[in-house]
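Below is one structure, written out as structure tokens, with a few remarks after it.
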Amino acid sequence: MIAPQEFKKRWERLGDRLIMFPEISLCDVLLPATARTFLREAGLPEDAAPGLNFGTPQSGSLPRASILWRLPTAFDRYRIIGGNGSGDSVCLDEDANAQVVYLNHDNDFDRVLMASSVCTLAECLAELRDVIARTSDTGLVAPEHYDQLLERLRIIDPAACDNDGFWPAEISSLKPQPPKKWWHL
């Protein structure tokens, strides 16, 4: 598991910004001590591939998905820490030891596991960014690099890399596809 200061140093070395979560934003959130420390001392990227952004409320604690989306109280357990490029809320699941999930608003707010913890999410994001940073002059990443990345992510967070997890589909969508021949359409 990556330590907060190690992640901070690794992420900021390329000049990218991290959003640290002040204690007021976490004061009533049910979190393991490791997650609370990580969010306060290192934080999460302001923006990160694949189309993620993170932030804190202007005041008060992290909002509940049930309030933002006017959902049943069963969604009280989800505390919003960011979003994805599709407009879904990225949340900490208070009832599942602060797993990081997104709620797919196009699919009845179906819960999709992104990471088993804040720490594993940060480490997976750093691994993805490192692969992207090693792109060639053309800006393309070779398909085999994405295969290797998915294997590293499986080591970091096996649960988020199973068939229903976040990473396999995301990595697949980032992977360059061979051009289709017009006669194969």
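The values are calculated or read from the model by the stated rules, or taken from the named source; none is laboratory data. This structure is a prediction, so every number in the text was calculated from the model and none was measured. In this analysis, Cβ positions are derived from the backbone assuming ideal geometry, glycine residues included, and neighbour counts consider all displayed protein chains.
Observations on the structure shown:
- Condition broken by residue 67, with the remaining ones in (1) in contact (Cβ under 8 Å) with a residue 12 or more places away in the chain; (2) in a helix (DSSP H, G or I); (3) among the hydrophobic types (A, V, I, L, M, F, W, C); (4) over 16 Å from residue 31 (Cα atoms) satisfied: (1)
- The lone criterion from (1) assigned to a helix (DSSP H, G or I); (2) on the phi > 0 side of the Ramachandran plot left unmet by residue 87 is number (1).
- Qualifying residue in segment 47-58 (condition: among the polar types (S, T, N, Q) and farther than 20 Å from residue 119 by Cβ): yes
- Unique match (being over 18 Å from the mean Cα position of the chain (by Cα), surrounded by 14 or more Cβ atoms within 10 Å (Cβ to Cβ) and at pLDDT 95 or above) among 30, 62, 39: 30
- The residue list 6, 41, 23, 94 contains one member that is acidic (Asp, Glu) and closer than 23 Å to residue 133 by Cα, which is 6.
- Scanning segment 86-96 for any residue that is at pLDDT below 95 and buried (at least 16 other Cβ atoms within 10 Å of the Cβ) turns up nothing.
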